[in-house]
Amino acid sequence: MKKTLFLMTLFIGLGLSAQSKYLTKKGTVAFEASVPSFEEVKASHNSVTAIINSENGEFATLVLVKGFRFKNALMEEHFNENYAESDLYPKATFKGKILSFSMDKLSAKKQLFLINGQLTFHGKTKQLDNVKANINLNEDGLIEISGFFLANATDYNIKIPKVVKNKIANDIEVAFDFSLKKK
Amino acid sequence: MGKNRKTRISIIALIIVVLIVIIGYNYIYQDHRNIEKEKATFSLSADEISAEFSKDPDTAEKKYLNKTVEIYGTITELNPMDMTLNNNVYGAFNISLTATTSYHINSKIKIKGRCIGYDDLLEQVKLDQCTISD
């Protein structure tokens, strides 16, 4: 029941109709909180779901936090256990809107759009405004969206212990890349 | 004699330091889990695991998150690096599927991977680091 309600609100919220939905299951989200001259603190995720309503530019994405892969296995373990606490908060989501979006505007050439919305991570939700994103429609009819923004670790209630404070940046660069296919 | 004892102590100290460095290095740069070689903690059908997640996500998360699971079902979507079973379990592979398998849509299959959670947007359970087990 809870689920049905949730899905109903989700679909009504997104205003999805079969014709206007573009989707990917293989989006990429990567973040980096490296500090120069220390080991890189960087991870990427290649199974991110993203949906866009091409009629009004509404945009939703879901990241299963455990899917972030680091080069260093111990760093991955610490990220999951101490920072993201992915057992407690397995999902990160972004729900928002691409401003003044319309399919007619899209071309093969990348164009700059702005996205507003709410990012939820580690149980905290924060409003993001004017996130820059390059959007184009490629020759296979896929909508390609890419860009990056800065997120502040303290905004998401992530405490970086003093011992490693100089090795992890508080401003985390988050990059995203989606190729969405018409559903 | 005193000199001899000193050398012995410094040799022991050196060995201890080397050991600590080796252990420390191996700890910091330990290998990633090898899901392919791990024995699956659970083995069940795609319909069963997805039903558990849609009915009670919290309990299912506690049970399956980060665990190696074996899932069997019918391929409903097949791409070079991923496949979907019974429309409700999505598995991402690290190696390209086209080169290694002769599977196609509607094939019965069993895959092993690490459960990373439930995707409510798609209503699918997601696995990563998958391999084909049968």
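Regarding segment B:89-99, can at least one residue be identified that is at pLDDT 95 or above, buried (at least 17 other Cβ atoms within 10 Å of the Cβ) and not small (G, A, S)? Yes; the residues of segment B:89-99 include at least one that is at pLDDT 95 or above, buried (at least 17 other Cβ atoms within 10 Å of the Cβ) and not small (G, A, S).
Tell me which residues, restricted to segment B:104-119, are surrounded by fewer than 20 Cβ atoms within 10 Å (Cβ to Cβ) and either part of a loop (DSSP other than H, G, I, E, B) or at the interface with chain A (Cβ under 9 Å from one of its Cβ atoms) (or both). Across segment B:104-119, the qualifying residues are B:H104, B:I105, B:N106, B:S107. Residues that are within 21 Å of A:N157 (Cα to Cα), more than 9 Å from chain B (Cβ to nearest Cβ) and part of a helix (DSSP H, G or I) within segment A:76-119 comprise A:H78, A:F79, A:E81, A:N82, A:Y83, listed in sequence order. Annotation: B:L122 fulfils all but one of (1) surrounded by fewer than 16 Cβ atoms within 10 Å (Cβ to Cβ); (2) in a loop (DSSP other than H, G, I, E, B); the unmet one is (1). A:R69 satisfies every condition listed in (1) over 16 Å from the mean Cα position of the chain (by Cα); (2) facing chain B (nearest Cβ under 9 Å); (3) not hydrophobic (A, V, I, L, M, F, W, C) except (1).
Here is the figure for segment A:40-74: residues that are assigned to a helix (DSSP H, G or I) and crowded, with 18+ Cβ neighbours inside 10 Å total 3. Scanning segment A:75-97 for residues that are modelled with pLDDT under 95, surrounded by fewer than 19 Cβ atoms within 10 Å (Cβ to Cβ) and of a type in the set (S, T, N, Q) yields a single hit, A:N82. Under the condition of being within 14 Å of chain A (Cβ to nearest Cβ) and of a type in the set (G, A, S), the residues counted in segment B:29-48 number 0. Give me the residue from segment A:42-62 that is at the interface with chain B (Cβ under 9 Å from one of its Cβ atoms) and among the hydroxyl-bearing types (S, T, Y) and, out of that set, nearest to the chain's Cα centre (by Cα). Selected residue: A:T61. Picking from residues in segment A:98-129 that are of a type in the set (S, T, N, Q) and under 15 Å from A:N56 (Cβ atoms), the one that is surrounded by the fewest Cβ atoms within 10 Å (Cβ to Cβ) is A:S100.
The values are calculated or read from the model by the stated rules, or taken from the named source; none is laboratory data. This one's a predicted model, so the numbers in the text were calculated from it and none came from an experiment. In this analysis, Cβ positions are derived from the backbone assuming ideal geometry, glycine residues included, and neighbour counts consider all displayed protein chains.
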